[in-house]
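Down below is the structure, laid out as structure tokens.
The values are calculated or read from the model by the stated rules, or taken from the named source; none is laboratory data. Just so you know, these numbers come straight off a predicted model, no measurement behind them. Glycine gets a Cβ as well: all are built from the backbone with ideal geometry, and neighbour counts include every protein chain shown.
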Amino acid sequence: LSGPGGAFKLLMQDVARFRPSSTGDNTAGTWELYFDGSDVGLSTSAEKIDALALRNDGALLISTMGKASVSGVTGQDEDLLAFRATATGSNTAGSWSLAFDGSQLAGMNTEDVTAAWVDAAAGIRYLAVMDDFNVNGVSGDNRTILAVTSTYAVSIFWNAADAGFPGPIDALEIVFTP
């Protein structure tokens, strides 16, 4: 991608940010490397980012395609790791913690989180997974969004297939309007 500092290569462990100067039919702007995963321990093929969310405190929530081992924290593909940046860009720095331990839910340890969003005020994590699932007795497929409370109660938030959505959910942002 081309950015203000020149071209850069984006890897599956990285995050780019687009800064628009205009949107709509004539969208324009610049790309920048926001998160360089190799700077903070994400480098193996299993550590490719497959779910990304931004917590309201600014922490990036990341789920990887497989096992991730970063600075004192290990996570699996059903987990969400939290990264609190002290620096972003080509010299990314910060600290890691485990934000969501999917193995606490019966059946979740066989799943791969592919989309996530967090409602911090309500204490709910919204998740989509790669395949058909049965988590804590709740069943669905890759077109289902799960709601998981801070006490790990699970329910179906939305079934995209019922709304005519034809494919798997691989990104997620939820906006509640009054």
Check your understanding: What number of residues in segment 39-62 are among the polar types (S, T, N, Q) and under 22 Å from Val118 (Cα atoms)?
Key -> 1
Review point. Can you tell me which of Ser95, Ser103 is in a strand (DSSP E or B) and among the hydroxyl-bearing types (Ser, Thr, Tyr)?
Key: Ser95
Practice item. Restricting attention to segment 144-178, report how many residues are in a loop (DSSP other than H, G, I, E, B) and under 21 Å from Phe100 (Cα atoms). Key: 10
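Of these, Asp131, Asp119, which one is within 18 Å of Ser150 (Cα to Cα), charged (D, E, K, R) and surrounded by fewer than 19 Cβ atoms within 10 Å (Cβ to Cβ)?
Details: Asp131 fails: within 18 Å of Ser150 (Cα to Cα).
Result: Asp119 is the single residue among Asp131, Asp119 that is within 18 Å of Ser150 (Cα to Cα), charged (D, E, K, R) and surrounded by fewer than 19 Cβ atoms within 10 Å (Cβ to Cβ).
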Practice item. Looking only at segment 106-117, decide whether some residue is assigned to a loop (DSSP other than H, G, I, E, B) and farther than 23 Å from Leu54 by Cβ. Key: yes
Check your understanding: Looking only at residues in segment 109-123 that are of a type in the set (A, V, I, L, M, F, W, C) and over 16 Å from the mean Cα position of the chain (by Cα), which one is modelled with the highest pLDDT?
Key -> Ala122
